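The values are calculated or read from the model by the stated rules, or taken from the named source; none is laboratory data. From a predicted model like this one, the values you see are computed outputs, not experimental measurements. Cβ: placed from backbone, ideal geometry, glycine included. Neighbour counts: every protein chain shown. Surface areas here come from the heavy atoms of the whole protein model, side chains and all, with no ligands, DNA or RNA. Shrake-Rupley method; radii C 1.70, N 1.55, O 1.52, S 1.80 Å.
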Amino acid sequence: MRGRLVAGNWKSNGNLASNQRLLEQVRAEAPRLRGVECAVCVPYPYLFQTQQLLAGTAVAWGGQDVSQFGVGAYTGAVTAAMLLEFGCRYAIVGHSERRGIFGESDAVVAAKFDAALTGGLTPILCVGETLQEREAGVTETVVGRQLDAVIGKAGIAALGKAVVAYEPVWAIGTGKTATPEQAQAVHAFIRGRIAAGDAAVAAELRILYGGSVKAANAAQLFAMRDIDGGLIGGASLAAEEFMAICRAAGTVTV
Ligand code: PGA
């Protein structure tokens, strides 16, 4: 039985004071969560603070990116080993903002995925189509290509140690959530694509949905058969909203 996961993606938000308030609230609420793992992916400079505040709790944390390289002359890059030293469990790879704004190709994303995994982290691999691609009817072609790049580099078994996040680019930060049916259709495609390589890996793979998830729409999304949780941007910056989303993915106790 695959578990549920709700991960916050803070992006370039936060400061020491606001992080402390947010993490203290998340930490206080987390013990009441049942049937869902909760994680936060924070900016690199705040990993130490996050580790200090979350160590020993049920809340995991991670980076929002990772270098495809090891130690050496790679100015600005942060290695998987560095993330591990700060207690990270996860590293997001291939977020559409990295692909789009920072020009990361499928090959770079695949190399980052591989570096995260071999470095001992659980990659959260983001895939998703733009609005133009959806309207052109090539959603499955694009998502399939993004998955195949990673499978080609790391192998199908590697997906068994990873998390995939389907994030339609048109739904990110726009307030336009994919309908549960739209999301489910792509999640089922992703699981099917992976099942073609290894059915057992596909059955256990956690596939998160991301893109304007909020407390008000989370339960309907998480009710879909192939949606195993969420990757949450804007709504992860407010503790109450974020914890309500976590509760929607799990089973609530009072
Ligand atoms: P959003 O972002 O929840 O603010 O739409 C999701 C993401 O980019 O991971």
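Give me the accessible area of Val169, 1.4 Å probe, in Å² rounded to the nearest 10.
50
Counting pairs of alpha carbon atoms under 8 Å apart in space and at least six apart in sequence, what relative contact order in percent does the range 4-237 give?
Working: 438 pairs, mean separation 44.7, N = 234.
Relative CO of the range 4-237 lands at 19 percent.
Taking amide H atoms as placed 1.01 Å from N in the peptide plane, list the residues 5 or more away in sequence, or in a different chain, whose amide H sits under 5 Å from that of Thr122.
Tyr90, Ala91
Out of the chymotrypsin sites (Phe, Trp or Tyr not before Pro) in the range 1-79, which ones are loop residues according to DSSP with at most 13 other C-beta atoms within 10 Å?
Tyr74
In units of 2.2 N^0.38 Å, what is the alpha-carbon radius of gyration of the range 4-237? Please report the intermediate quantities before stating the final value.
Details: Rg = 16.6 Å, N = 234, 2.2 N^0.38 = 17.5 Å.
Taking the Cα Rg and dividing by 2.2 N^0.38 Å, one obtains 0.95.
Which lysines, if any, have their Cα less than 21 Å from the Cα of Lys11, not counting same-chain residues under 8 positions apart?
Of all the lysines, those that pass the test against Lys11 - Cα under 21 Å, at least 8 places apart if same chain - are Lys112, Lys176, Lys214.
Given only helices, namely DSSP H runs of n ≥ 4 each adding -39500 (n - 2.57), what is the per-residue ellipticity at 222 nm of the chain, to the nearest 500 deg cm²/dmol?
That calculation yields -12500 deg cm²/dmol at 222 nm.
Could you provide, to the nearest whole Å², the per residue accessible area of the range 199-254 with probe 1.4 Å?
38
Taking the alpha-carbon centroid of each part, what is the distance from the range 122-149 to the range 167-193 in angstrom?
Going from one Cα centre to the other spans 10 Å.
Provide the percentage of antiparallel DSSP beta bridges, counting only those with both residues in the chain; round to the nearest 5.
5
Roughly speaking, to the nearest percent, how much of the range 4-237's 1.4 Å accessible area is carbon and sulfur?
55
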